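Visitor: Supplied in structure tokens, the structure appears directly below.
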Ligand SMILES: [Zn+2]
């Protein structure tokens, strides 16, 4: 049976213990696991022994105590479990298989979504099978000997909004024409026989940060997602706050207060007028044709290369992106009062060398007199959407309390 490793790992308590061990990247002592899991010493001891025997958990040195015997530290073996992430991006469909450390063990990019969602779902299911088969042929095995297909917890999908995460419905993303009220989790679940979860790309990206950063990203975290458009996501208490209808963080029409023209929405100088990649390419007369209307990272890389070469128009565009995002961030910091701001998304790595200085300058010119907020770039690159989608599934299985609320 596929996914049997998951069934072997079995009881809920084992996953609770796994998550408690995992939550400190440097290793956790048994007493820490008992405290975090809320389980009895006997239960933790029994489960830990079983996990050690099966190679899912390993010892990672000892912690010398002033009194008593030194405590053994436990670590989760990252390849003990896998999850698949699918990023439904207008420029392509990315599939990533990731391990418990949110490391990519295999990935694949399929052509962009079409106007036929059902055919696209069949392509995704076939693509996923192909990636798992390839990994198996390459000799990948879990510590307990499980094949990639047996070790896979399930599938997470990240999509641009609007969508309804609870119902697994892709409603009407402006960049995915033909995708209207598509019951994606149901379709992909039927095509693969696996559990499927859906969330917005912005929320998935923040979930990846929380999963990777563990306890270092507690408090209120604000995430800025830089892709074909920009979006935001917020987490508090280690949990992404998606809003009542998964619409939180739609910041494209936040007025920036910068000099600019009137937006289609009626307001002046909206954020999206500076940050929509299609508009940036249009204004700089980027010579690369837009296939199917959606810009790709190749377009953005070409624009940045021109900025690197000192060409005035492209340089002004990428700097302007940062300035506008900084103005929006200044507003968002006042609204959310975060302890940490993370900026990421598919195009941030490319844009940040030119965009970050202006962004920081604007974001920090705050008048609220609060201590300086830590602002940092994501540890993930352009595959953050697929990685984030996979961590949605990791969270479902290991630590449901971290899932978007
Ligand atoms: Zn607007």
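Visitor: Kindly evaluate residue 294 against the criterion of being on the phi < 0 side of the Ramachandran plot, surrounded by 15 or more Cβ atoms within 10 Å (Cβ to Cβ), touching a residue at least 24 places away in the same chain (Cβ under 8 Å) and within 16 Å of the ligand (Cβ to nearest atom).
Guide: Against the criterion (on the phi < 0 side of the Ramachandran plot, surrounded by 15 or more Cβ atoms within 10 Å (Cβ to Cβ), touching a residue at least 24 places away in the same chain (Cβ under 8 Å) and within 16 Å of the ligand (Cβ to nearest atom)), residue 294 does not qualify.
Visitor: Which condition number in (1) surrounded by fewer than 24 Cβ atoms within 10 Å (Cβ to Cβ); (2) within 30 Å of residue 114 (Cβ to Cβ); (3) at pLDDT 95 or above is the one that residue 382 fails?
Guide: (3)
Visitor: If you don't mind, there's one more thing I want to ask. Please determine, by comparing only the residues of the stretch 162-198 that are at pLDDT 95 or above and in a strand (DSSP E or B), which one is nearest to residue 116 (Cα to Cα).
Guide: 182
Visitor: Restricting attention to the stretch 265-279, and to residues there that are modelled with pLDDT under 95 and more than 10 Å from the ligand (Cβ to nearest atom), which single residue is nearest to residue 229 (Cα to Cα)?
Guide: Top of the filtered list is 276.
Visitor: For residue 250, work out the one condition from (1) outside any helix (DSSP H, G or I); (2) away from the ligand (no atom under 15 Å from the Cβ); (3) touching a residue at least 40 places away in the same chain (Cβ under 8 Å); (4) not assigned by TED's automatic domain parsing to the domain that holds residue 153 it doesn't fulfil.
Guide: (2)
Visitor: Select, from 330, 306, the only residue that is over 26 Å from the mean Cα position of the chain (by Cα) and more than 22 Å from residue 92 (Cβ to Cβ).
Guide: None of the others qualify; the one that does is 306.
Visitor: Would you list the strands (runs of 3 or more DSSP E) that sit entirely within the stretch 60-125 and hold 1 or more residues that are more than 24 Å from residue 345 (Cα to Cα) and touching a helix residue (DSSP H, G or I) at 6+ places or on another chain (Cβ under 6 Å)?
Guide: It comes to 71-76.
The values are calculated or read from the model by the stated rules, or taken from the named source; none is laboratory data. Remember, predicted model here, so these are calculated numbers, not experimental data. Neighbour counts are summed over all protein chains in view; Cβ atoms, including those assigned to glycine, are modelled from backbone coordinates with ideal geometry.
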